[in-house]
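Colleague: Attaching a single structure in structure tokens format; questions to follow.
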Amino acid sequence: MAAEATPAGPDTYEGGLRRVARVVLLDPEDRILLLHGHEPDDPADDWWFTPGGGVEGDETRAQAARRELLEETGITDVELGPVLWRRRCSFPFAGRRWDQDEWYYLARTAQTATEAAGLTELERRSVAGARWWTCEELTRARETVYPTRLAELLRTLLDEGPPAGPVTLDTEIV
């Protein structure tokens, strides 16, 4: 029986280093799923990013990755793999600065239909949808994508397979 997505509670991030789990979700054609986000009050200030979010309570990062994937995409049929990359980032969003320690998990799915049924109020105001991208489309993209080297990282992943251990990416400060 598939778990149901329920609307998440209010965003509770109040500063400090936020522990985040992100998902590099690939379909059978090796396309990656990215969410289309924007500033809540300025849809023209937009970017693409991998599903994921903050760890809640005493859940593990892997549990957070699965929960966030369900909330943001409705996808439950996933094979969660290893942590590919780790990244620290800092960026302004929704009137405050977010400082994050992100872990990117590899996941595979055959389920390509998405339904963002469990978004927080802030996410409902700032996530405009989802799209599956080929590596080639991502390489040619003129849109802003995070992490900024995602096309190159995805190409390496598809060509060489997952790294032996998590790769630490450069810190990104926006």
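Colleague: May I ask you to evaluate 6.51 cos²θ - 1.76 cosθ + 1.60, the Karplus curve with θ = phi - 60°, for each residue of the range 123-138 and list the ³J(HN,Hα) values in order in whole Hz, giving x for glycine and proline?
Modeller: The phi angles translate into 5, 4, 7, 10, 10, 9, x, 9, 8, 8, 10, 7, 4, 5, 4, 5 Hz.
Colleague: Starting from the amide H of residue 120, placed 1.01 Å from N in the peptide plane, find each other amide H under 5 Å away whose residue is 5 or more places distant or on another chain.
Modeller: 8
Colleague: Quick one: pull the percent of accessible area on the range 102-174 belonging to carbon and sulfur, 1.4 Å probe, ligands and nucleic acids left out.
Modeller: In the range 102-174, the share of accessible area belonging to carbon and sulfur is 49 percent.
Colleague: OK, next. Post the alpha-carbon centroid distance, the range 102-174 to the range 62-83, in whole angstrom.
Modeller: 13
Colleague: Quick one: which of 75-87, 128-140 comes out on top by average Cβ neighbours within 10 Å, and what's the full order, highest first?
Modeller: 75-87, 128-140
Colleague: Can you run phi through the Karplus equation (6.51, -1.76, 1.60; θ = phi - 60°) for the range 25-32 and list ³J(HN,Hα) in whole Hz, with x for Gly and Pro?
Modeller: Computed from phi, the couplings for the range 25-32 are 8, 10, 8, x, 9, 6, 7, 9 Hz.
Colleague: For residue 45, enumerate residues with amide H under 5 Å from its amide H, sequence gap 5+ or separate chain, H modeled in the peptide plane.
Modeller: Residues meeting the criterion, in which the H sits 1.01 Å from N, are 39.
Colleague: Nearest 500 deg cm²/dmol is fine: what mean residue ellipticity at 222 nm does the chain get from its DSSP H runs of n ≥ 4 alone, each adding -39,500 (n - 2.57), divided by its residue count?
Modeller: That calculation yields -6000 deg cm²/dmol at 222 nm.
Colleague: Then there's this: In nm, to one decimal, how far is the residue 137 label point from the residue 46 one, both placed 7 Å along Cα→Cβ?
Modeller: In this crude label model, residue 137 to residue 46 measures out at 1.4 nm.
Colleague: Here's another thing I want to ask about it. Of the listed values (i) 10, 40, 40, 10, 0; (ii) 11, 43, 36, 9, 1; (iii) 10, 29, 28, 16, 10, 6, 2, 0, identify the label whose number matches P(r) over Cα pairs in 10 Å bins from 0, in percent calculated from this model.
Modeller: Correct label is (i).
Colleague: Oh, and also: Name the residues whose placed amide hydrogens come within less than 5 Å of the amide hydrogen of residue 172, ignoring near sequence neighbours (fewer than 5 apart) on the same chain.
Modeller: 88, 89, 90
Colleague: Once you've got the GNM for the chain with C-alpha springs shorter than 10 Å, pick whichever of 50, 156, 120 has the biggest mean-square fluctuation.
Modeller: 156
Colleague: Let me ask another. With θ taken as phi - 60° and the coefficients 6.51, -1.76 and 1.60, list the Karplus ³J(HN,Hα) couplings across the range 101-108 in order, rounded to whole Hz; mark glycine and proline as x.
Modeller: 10, 9, 10, 9, 8, 7, 9, 10
Colleague: What nm distance separates the two modelled labels at residue 128 and residue 113, each placed 7 Å from Cα along Cα→Cβ?
Modeller: Distance between the two pseudo-spin positions: 2.5 nm.
Colleague: Oh, and also: Compute the signed sum of charges (Lys and Arg +1, Asp and Glu -1) over the other residues within less than 11 Å, Cβ to Cβ, of residue 67.
Modeller: Residues close to residue 67 contribute a combined charge of -3.
Colleague: Could you compute the FRET efficiency for residue 93 and residue 164, with r as their C-beta to C-beta distance and R0 at 45 Å, rounded to 0.05?
Modeller: Efficiency for this residue pair is about 0.85.
Colleague: A further question on this structure: Give, as a single signed number, the net charge of other residues whose beta carbon lies under 11 Å from the beta carbon of residue 104, with Lys and Arg counted +1 and Asp and Glu -1.
Modeller: Within the 11 Å Cβ shell, the charges total +3.
Colleague: Sticking with this one: Return the percentage of antiparallel bridges among DSSP beta bridges fully within the chain, rounded to the nearest 5 %.
Modeller: Beta bridges within the chain, antiparallel portion: roughly 65 percent.
The values are calculated or read from the model by the stated rules, or taken from the named source; none is laboratory data. Note that the structure is predicted; figures quoted are calculated from it, not measured. As a convention, Cβ positions derive from the backbone with ideal geometry for all residues, glycine included, and neighbour counts pool all protein chains shown. Please note that ligands, DNA and RNA were not included when accessible areas were found on the heavy atoms of the full protein model with its side chains. Shrake-Rupley method; radii C 1.70, N 1.55, O 1.52, S 1.80 Å.
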